[in-house]
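**Q** Here it is, the structure, as structure tokens.
The values are calculated or read from the model by the stated rules, or taken from the named source; none is laboratory data. Bear in mind that the values here come from a model prediction, so they are computed numbers and not experimental data. Cβ coordinates were reconstructed from backbone atoms using ideal geometry, including for glycine residues, and neighbour counts include every protein chain displayed.
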Amino acid sequence: MNELIVRPEITPDMFLPIFTISTLVLVFGVAYAATITLAKMGYFSKKWMNLGYLFWALQTYSLYLLSVWIQSEPFTSKVLMVTMLAYLFIPHLYFRLIEDSDRRYDSGNNIAEQKN
Amino acid sequence: MANKNLSVWTSIPFWRRSAAWVTGFASILLIWLTFDTLGQITMGTDDDLKNGVTKRVPAATVINYKIGYEMSTKRGHEVPTIGEKEPFFGKEWSADDAADLLHLGKLTSQTKNCMNCHTLLGNGAYYAPDLTKAWIDPAWSKTGPMMAMTGKSTKEEAIAEFLQHPSTYPTHARMMPELGITADEAKGLVAFLKHMSSIDTNGFPRNFGKEEGSTNAH
Amino acid sequence: MLTSIKENHLTNKGQELGMMYFRVAIILFGAQLVMGLIAAIQFLAPGFLFELFDFSVARMVHINALVVWMLYAMIGATYMMLTDETGHEGVAIGLGKLGFWLLTAAVTVVVLVYIIVQVGPGTEASLWLIHEGREYIEAPRWADIGIVVVVLIFYFNVFATYMKGEKTGIMTVMVANLLALAGLYMAGMFYTDNISMDQFWWWWVIHLWVEATWEVFVGTLAAYALIKIIGAKREIVEMWLWIEVLMLFGSGILGMGHHYFWIGTPEYWWEIGALFSALEPVPLIAMFVHVLYDWGKEQGIAEGRGETASVITNGPAMAWIVTNAFGNFLGAGIWGFFHTLPQVNIYTHGTQFTAAHGHLSFFGAYATILIGMMYYGLQRAYGVQRMKLTFKSKMGIFLTTFGVMGMTIALTIAGYEQVIVERGEMGATWNAFFVAQNLPWYVQAQMWRAIMGVVTLLGFIYLAWDLLTIGKVSKEAEA
């Protein structure tokens with residue numbers, strides 16, 4: 001290499017951390033959704049929801065690291081963090097929706113179509 | 001159904017309408033962007049080349065010029081460069097002849113099923129090297145191994161010779177099979193490869209040929 | 001499965017036609033695996049069938065069999081649910097059967113030409129008669145036109161039946177989505193000398209199929225299956241279906257941008273592709289939670305009524321649908337996400353990473369639920385009240401899933417090596433490619449891929465055997 005070119009460049013030893021962290025983003029994301037789901041469904045007590053929030057925090061941190069390691073623009077990193085804040089509310093909105101729709105469509109016990 | 005406080009969030013018509021609007025909006029945006037992109041990736045003309053107008057996909061007559069791949073500080077990645085004229089198979093090709101040759105080459109690249117071993121612009125199968133910048137690959141440069149192997153004096157002749165008898169010039173245990181490529185089709189394929197190397201791929205592949213310390217071998 | 005039509009507990013002709021499509025689908029699935037195995041061996045022993053049946057041929061038949069068997073199973077599944085959903089007999093099933101035989105004859109000829117003729121001279125005639133040499137949609141032009149005709153017959157059947165019958169939400173999504181799915185095929189039916197233009201439209205077919213319309217199709221099937229198999233409430237399922245359509249099309253249509261990073265298209269696709277493809281896993285998580293939640297809820301209700309039995313009336317179908325919920329998220333979601341951002345994708349584009357993602361996502365997102373629908377079809381064909389998992393069904397589901405997962409992990413390791421050495425260190429040249437291909441880790445990974453391919457094939461044998469026998473076995477057990 002004759003001259004040094006300054007530009008965003010992923011060095012070979014950074015690939016493994018990057019792939020690992022992006023997998024962790026989704027794994028923690030699922031763990032968060034799963035914990036909240038199972039707690040809301042009553043498979044285990046509401047106390048476990050705190051574990052879910054811990055997963056959310058880990059996910060947020062992983063995404064932050066990912067954005068730093070792939071050398072995103074500072075603006076992009078900020079957008080990602082705002083997105084993660086939104087993700088904190090999604091399961092709650094989701095279950096609100098499930099409960100409301102259950103109450104609306106499944107309460108009357110009407111066996112309208114049970115044809116098989 | 002006679003439930004009182006019916007929330008809009010559990011209303012099927014609400015979600016149906018939302019789905020339709022979102023889908024419609026995304027589709028319209030895609031179509032609009034498609035028009036813009038089509039304008040930008042339409043092949044340039046011979047005049048563009050003569051006047052030094054940069055096109056993402058230049059005219060077929062780009063085969064009459066030297067092609068390089070260099071770092072652009074403005075764009076932050078490598079871009080193809082179109083340099084001075086050089087003969088291609090010993091001559092300069094007119095706009096019509098060049099277009100015909102490229103047509104034959106692109107057609108042959110499909111009928112010989114290149115894409116089910118190689119990748120073109122990174123798409124295809126992963127059994128053989130990517131061909132996006134094959135034309136400027138150091139292996140085919142004056143000092144590269146392939147020229148000596150095929151015993152030809154120019155890069156285009158060396159590549160054409162290889163394409164016609166690939167398993168005569170094995171480079172690795174994994175070889176390219178004989179596909180019955182004729183001399184004319186081979187010429188066309190070389191033109192197709194040279195043309196493809198002049199397409200602006202936003203810096204893909206990155207650091208092409210970095211190892212040899214030269215990215216604009218010719 | 002073979003006697004499914006003779007048994008004829010099917011309540012309508014559409015389902016008979018559906019079963020016909022399923023049978024061809026499963027044969028093509030087998031062909032796909034055999035071709036994949038040949039290609040996998042060629043990675044390890046390049047001399048294997050060299051200049052006789054080259055990698056390009058094996059690979060072409062491998063991916064074409066994949067696309068075609070999935071389309072067959074999708075058409076089959078649609079005919080399966082047509083009368084159930086609309087409450088109306090399919091309007092032109094006789095014509096539909098003619099279409100089926102036309103399509104099957106055409107597919108046979110196309111595959112024979114692929115295998116025997118393999119390549120043609122560089123002329124337009126080769127594109128019309130042999131193949132078009134464009135990954136996934138290689139079918140020659142004459143077959144393209146044939147496919148359009150047959151699909152028109154199919155679509156006419158679905159649409160006309162829908163117009164005459166009841167217009168449920170599931171069916172409305174189905175009819176609209178199929179129109180888009182069929183129409184998009186046209187974007188891949190022309191020739192151009194401009195390779196950038198070529199790949200631009202090629203992605204319109206491939207991407208808008210597998211990351212938009214096929215995903216919505218899966219959502220529709222899952223909705224129908226949840227109602228039929230565990231007795232989920234229609235209104236709730238349909239409400240979620242619309243939400244899924246919103247999220248899938250909302251992210252998937254513009255997610256197209258991630259294929260436009262490096263093919264000559266402008267740089268603005270970086271931002272669009274990154275943003276929308278990062279959103280693509282969201283609907284997959286939602287589908288995943290929704291399937292499991294509904295199952296848990298219906299089971300809870302049944303237990304509340306004092307019933308001890310499972311609410312699942314079709315064990316194998318439900319097992320495949322749950323595998324789908326996981327597989328879709330893992331294959332399309334995780335394996336898609338970790339190479340979709342342009343900063344990373346410039347290194348991973350066109351490496352074994354893509355192959356890893358391709359294997360797990362096609363299997364997880366599509367193969368699973370379509371096989372589930374085949375089991376559902378068998379249950380109906382034999383008039384079985386409750387279809388339970390047999391030993392063979394369990395082996396089928398376990399071995400195929402384990403095999404595909406193993407191939408995916410092996411290919412991911414191979415892709416990782418390739419990214420580091422070929423792309424990161426050596427700059428993607430011809431030489432760099434071969435250096436990376438000969439690394440010990442890469443070669444070992446390819447070895448494991450071949451072994452896991454054999455495991456998948458074993459799983460398939462169990463699966464096919466089970467599909468052939470489970471109907472009769474379940475019927476006799478109930479009698």
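Let's see how each residue does on (1) modelled with pLDDT under 95; (2) at negative phi; (3) within 13 Å of chain B (Cβ to nearest Cβ); (4) buried (at least 20 other Cβ atoms within 10 Å of the Cβ):
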site	(1), (2), (3), (4)
C:GLU166	yes, yes, no, no
C:ALA223	yes, yes, yes, yes
C:GLY231	yes, no, no, no
C:PHE249	no, yes, yes, yes
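**Q** Being outside the structural domain of C:VAL443 (by TED's automatic domain parsing), farther than 20 Å from C:ARG134 by Cβ and more than 15 Å from the chain's Cα centre (by Cα) is true for just one of C:GLY36, C:GLY76, C:GLY90. Which residue is that?
**A** Going through C:GLY36, C:GLY76, C:GLY90 in turn, just one is outside the structural domain of C:VAL443 (by TED's automatic domain parsing), farther than 20 Å from C:ARG134 by Cβ and more than 15 Å from the chain's Cα centre (by Cα): C:GLY90.
**Q** Given the structure, is B:ILE63 at pLDDT 95 or above, more than 9 Å from every other protein chain (Cβ to nearest Cβ) and out of contact with any helix residue (DSSP H, G or I) (no Cβ under 6 Å at 6 or more places or on another chain)?
**A** Considered against the rule, which asks whether it is at pLDDT 95 or above, more than 9 Å from every other protein chain (Cβ to nearest Cβ) and out of contact with any helix residue (DSSP H, G or I) (no Cβ under 6 Å at 6 or more places or on another chain), B:ILE63 comes out as no.
**Q** Tell me, please, whether a residue that is farther than 21 Å from B:GLU156 by Cβ, without any contact (Cβ under 8 Å) to a residue 60 or more places away in the chain, touching a Leu at 6+ places or on another chain (Cβ under 7 Å) and of a type in the set (A, V, I, L, M, F, W, C) can be found in the stretch B:31-48.
**A** No; the residues of the stretch B:31-48 include none that is farther than 21 Å from B:GLU156 by Cβ, without any contact (Cβ under 8 Å) to a residue 60 or more places away in the chain, touching a Leu at 6+ places or on another chain (Cβ under 7 Å) and of a type in the set (A, V, I, L, M, F, W, C).
**Q** I've got another one for you. Can you tell me which of C:ALA428, C:ALA432, C:ALA477, C:ALA414 is part of a helix (DSSP H, G or I), assigned by TED's automatic domain parsing to the domain that holds C:THR354, more than 30 Å from the chain's Cα centre (by Cα) and surrounded by 21 or more Cβ atoms within 10 Å (Cβ to Cβ)?
**A** It is C:ALA432.
**Q** So, one more: Give the stretch C:259-280 a look and list any residue that's more than 22 Å from B:LYS133 (Cα to Cα) and either free of Cβ contacts under 8 Å to residues at least 60 places away in the same chain or not in a helix (DSSP H, G or I) (or both), or say none.
**A** C:TYR268, C:GLU271, C:ILE272, C:LEU275, C:PHE276, C:LEU279, C:GLU280
**Q** Looking at B:ASN207, is it at pLDDT below 90 and in a loop (DSSP other than H, G, I, E, B)?
**A** Judged against the criteria, B:ASN207 is a match.
**Q** Answer yes if at least one residue in the stretch C:337-356 is closer than 30 Å to C:ARG234 by Cα and touching a residue at least 24 places away in the same chain (Cβ under 8 Å), and no otherwise.
**A** no
Residue-by-condition table, conditions (1) within 19 Å of the chain's Cα centre (by Cα); (2) at pLDDT 80 or above; (3) on the phi < 0 side of the Ramachandran plot:
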{"position": "A:GLU9", "(1), (2), (3)": "no, no, yes"}
{"position": "A:LEU16", "(1), (2), (3)": "no, yes, yes"}
{"position": "A:TRP56", "(1), (2), (3)": "yes, yes, yes"}
{"position": "A:TYR64", "(1), (2), (3)": "yes, yes, yes"}
{"position": "A:GLN71", "(1), (2), (3)": "no, yes, no"}
{"position": "A:THR76", "(1), (2), (3)": "yes, no, yes"}
{"position": "A:LEU85", "(1), (2), (3)": "yes, yes, yes"}
{"position": "A:ASN116", "(1), (2), (3)": "no, no, yes"}
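**Q** What are the pairs with Cβ atoms under 7 angstrom where one residue, in the stretch C:156-175, is in contact (Cβ under 8 Å) with a residue 40 or more places away in the chain and the other, located anywhere, is small (Gly, Ala, Ser) and in a helix (DSSP H, G or I)? Sequence gap at least six, or different chains.
**A** Cβ pairs passing all conditions: C:ASN157/C:GLY96; C:ILE170/C:ALA223.
**Q** Under 9 Å between Cβ atoms, at least 6 apart or on separate chains: pull out the pairs that start in the stretch B:187-199 with a residue that is within 8 Å of chain C (Cβ to nearest Cβ) and end on any residue that is of a type in the set (Asp, Glu) and in a helix (DSSP H, G or I).
**A** Partner pairs satisfying both residue conditions: B:GLY188/B:ASP100.
**Q** Need the failing condition index for B:MET175 against (1) crowded, with 22+ Cβ neighbours inside 10 Å; (2) at the interface with chain C (Cβ under 8 Å from one of its Cβ atoms), just the number.
**A** Against the list (1) crowded, with 22+ Cβ neighbours inside 10 Å; (2) at the interface with chain C (Cβ under 8 Å from one of its Cβ atoms), B:MET175 comes up short only on (1).
**Q** What single numbered condition from (1) surrounded by 15 or more Cβ atoms within 10 Å (Cβ to Cβ); (2) among the hydrophobic types (A, V, I, L, M, F, W, C); (3) in the same structural domain as C:THR108 (by TED's automatic domain parsing) fails to hold for C:LEU178?
**A** For C:LEU178, the exception is condition (3).
**Q** Test each condition in (1) among the basic types (Lys, Arg); (2) under 23 Å from the mean Cα position of the chain (by Cα); (3) more than 30 Å from B:ASP130 (Cβ to Cβ); (4) surrounded by 14 or more Cβ atoms within 10 Å (Cβ to Cβ) for B:ARG56 and report the one that comes out false.
**A** (3)
**Q** Return the only residue of C:GLY133, C:GLY219 being at pLDDT below 95, on the phi > 0 side of the Ramachandran plot and within 22 Å of the chain's Cα centre (by Cα).
**A** None of the other options fit; the residue is C:GLY133.
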